[in-house]
Amino acid sequence: MFMLDMIFALVIGLGLAVLVYSVLGRRGPGPMAGLVVFAVLLFLAVWAGGIWLGPIGPLAWGVPWLTFVLVGVIVTLFLATMLPPVSQAAQAEPPPTLEQTAADQAASSAALLAISGFFWALILLLLALVVVGYALD
């Protein structure tokens with residue numbers, strides 16, 4: 001059951017991440033314009049939600065796949081609203097001056113530290129939910 005749950009969560013998480021990345025045009029921080037970070041968050045959230053929520057809908061190979069899909073769609077919509085869209089105007093801006101670069105870098109490093117701390121705390125929480133979900137089963 002562990003491997004099938006993981007495969008379902010992986011396929012649903014990656015599919016929804018690619019959908020948000022390509023169709024909605026949302027980009028985030030990290031490798032491949034945030035696709036990797038978004039896919040990892042979705043995968044773990046779908047997996048944890050699929051384990052913890054009761055089975056909904058029909059079974060496919062013994063896995064209540066509708067539970068995983070519903071969790072994935074809800075988490076995707078929640079996270080996609082927080083990612084900024086790529087605008088054409090932002091891409092055509094002139095290069096920043098040296099003073100703007102130094103101020104932006106200081107603000108960016110503080111924001112990155114806060115976001116990365118939240119990201120890793122969320123990853124650890126989702127992993128703990130998956131482990132505890134299987135341990136209680």
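Points worth noting:
- The test for being exposed (fewer than 10 other Cβ atoms within 10 Å of the Cβ), modelled with pLDDT of 65 or more and not hydroxyl-bearing (Ser, Thr, Tyr) holds for Asp137.
- The listed residues are Leu10, Leu35, Leu44, Leu79, and the only one of them that is modelled with pLDDT of 75 or more, closer than 18 Å to Val130 by Cα and in contact with a Phe, Trp or Tyr (Cβ under 7 Å, 6 or more places away or on another chain) turns out to be Leu10.
- Enumeration of residues in segment 31-72 that are under 19 Å from Leu136 (Cβ atoms), open to solvent by 30 Å² or more (accessible area, probe 1.4 Å) and part of a helix (DSSP H, G or I): Ile51, Trp52
- Residue check, Gly25 in contact with a Pro (Cβ under 8 Å, 6 or more places away or on another chain), open to solvent by less than 50 Å² (accessible area, probe 1.4 Å) and at pLDDT 85 or above: no
- Every residue from segment 63-72 that is touching a helix residue (DSSP H, G or I) at 6+ places or on another chain (Cβ under 7 Å) and modelled with pLDDT of 80 or more: Trp65, Thr67, Phe68, Val69, Val71, Gly72
The values are calculated or read from the model by the stated rules, or taken from the named source; none is laboratory data. These numbers come from a predicted model, not from an experiment. Cβ sites come from the backbone with ideal geometry, for glycine too, and all protein chains shown count toward neighbours. The area values use the complete protein model at the heavy-atom level, side chains included, leaving out ligands, DNA and RNA. Shrake-Rupley method; radii C 1.70, N 1.55, O 1.52, S 1.80 Å.
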